[in-house]
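Just so it is clear, none of the values below were taken in a lab; they were calculated from the coordinates. Because the structure is a prediction, the values reported are computed rather than measured. Cβ sites come from the backbone with ideal geometry, for glycine too, and all protein chains shown count toward neighbours.
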Amino acid sequence: MEHDKLGRLLPDDIDRREADELDATWRMLGGIDAPAPDSDRMRARLDAVIDALEHAEPSRPRTWFGFRGLAGGRRFYAVQGLAAAAILLVGIALGRFVMSDRTRPADSASEIAAMRSEMRELREMVSLSLMQQQSASDRLKGVTWTGQLDRPSGEVVAALLDGLMHDPNVNVRLATIDALERFASRDDVRRAAIEAVDRQMSPLVQIALIDFLVKTNERQSAPTLRRLAQDPRVNDAVRSRAAWGLQQLG
Amino acid sequence: MKTMKGRMIRIFNAAALCALLASVAVAQQTVQPATDRVTVPFSDPDRPGTLRVNLLDGTVTIKGSNRRDVLFVANSQDAREALRRRQQPEVPPGMRRLTQPGGFGVEERDNEMSVSSGFNREINLDIDVPMRTKLRVSIVDGGITVDNVDSEIEINTVDGGITLTNVGGSVVAHAVDGRITATIARVTPQAPMAFTSLDGDIDVTLPAAVKANLRLRSDQGDVFTDFDVQVTASTSANRTQQRNGRGLRIDVNRSIYGTVNGGGPDFELRTFDGNIYVRKGK
């Protein structure tokens, strides 16, 4: 309902794209489920985080992995906090946007730019927090939404790579490969794909990674593909795909 | 004398009847499969709980109903048959083989129930759960059947099929070497789904009014549907082009991207060596 109200609040001369972005963000926020309480693994992570907090220096900068640890341990509170922060940001952005448009119409360009940037951060935050959820369907949603992000940050790429390497669900790992295609020009992404094709246990993921390496014409992968093609312990379909990949890479 | 004889016959008849009944009961005991039944409550039955099943070898049948706790039945008869199929030692003279219980463990903590089996033992479990129970099932060698569960369903098998009937919510399923058959009666709005297999067919029936973006791909098989799929982005989404030192390379993959009923969340159906069927349900 909020996004309908939002549509009515927006001035007539506003770019419809802004309104659509706001609308999409409302939908994203509405789509976040309250996560279920923790499992053994989460409890272990919580213990690890508490332990780390007790021993860590107070002003340590937050990295993606730090964020992940916190979200994994106190996921319920972390996601609640994120959702609250996201709603607050939307409120502030909307307030600033509407007020600035009414009071200072001539000076709205920078405000709109600032709002766009806040929106982008917000959407990114929603995608990242979805990728931390316990439900595979939610994680799939987070991975898919990264495709809609305009100029995603390095944190998104790191989260996708983390998903490719460590997500327990085969289908989520497959989805990260599709999502990583837009970042195929990055060396670290292609390196990670080579590493993953060697380490993956799922033949379907291995085949998708071989296709990815062929598409990106990653010749550095040739030794790995050769090894896979000759390893009798590797699944037959993967071996023949690796042989095909070698042929394609020339 | 005659009445005495008649009474004796009646007593004899009654004793014979008792003996007969007893022998039938004993026979039934030996014929009927011995089952291990365990009922485990959730710590907060008012909230949907989660059931995790991790088995190396066995089959699992999960049925949703209006109950609030979870009933596990391990079928020893099946286990005995499985035992017959494998190499087993000769029965020593004068001895008989006793059927061992199925052997499994259940742990409940914070509304999450975990089931595991002993190492190297096939187990066949029938599990009755509350309808809204979230399922996370992983079986290495064996199949799984789920009926009438309306929740988040996540299933992985390596060597076994996945059969879902009358389920709702969202499904994320993967079988390395097995067929996936799913009849989905209700879908959670905006929830993506995925059905993938390396070596099996994927046969999914969706509600006729479902709104979804379909991503369909079979590397070595065919794709069939009776939905009115509006194929989208057939030229851009599945085509990549790359310029390199030698010139231009264009790859067109075999994926079909399309929407049904105007589009919605992504439903991915992918198999390497099988066919894909997307059927319109009622």
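For B:ILE276, the amide hydrogen comes within under 5 Å of the amide hydrogens of B:ILE202, B:ASP222, B:VAL223, B:PHE224, counting only partners 5 or more places away or on other chains and with H modelled in the peptide plane.
In peptide B:190-202, what is the residue-averaged number of other protein chain Cβ atoms found within 10 Å of each Cβ?
Counting other chains' Cβ atoms within 10 Å and averaging over B:190-202 gives 5.
Counting other C-beta atoms within 10 Å, which of B:ILE123, B:ILE256 has the fewest, and how do the rest follow?
Details: B:ILE123 26, B:ILE256 20.
Listing B:ILE123, B:ILE256 from fewest to most nearby Cβ atoms yields B:ILE256, B:ILE123.
Sequence-ordered 3J(HN,Hα) estimates for the range A:174-179 from the Karplus curve with 6.51, -1.76 and 1.60 and θ = phi - 60° stand at 4, 5, 5, 5, 4, 5 Hz, glycine and proline given as x.
Going by neighbour counts of Cβ atoms within 10 Å, the residues B:THR232, B:THR259 line up, fewest first, as B:THR232, B:THR259.
Between B:ALA182 and B:LEU164, B:ASP203, B:VAL204, B:THR205, the built amide H atoms are under 5 Å apart, and every one of these is 5 or more places off in sequence or on another chain.
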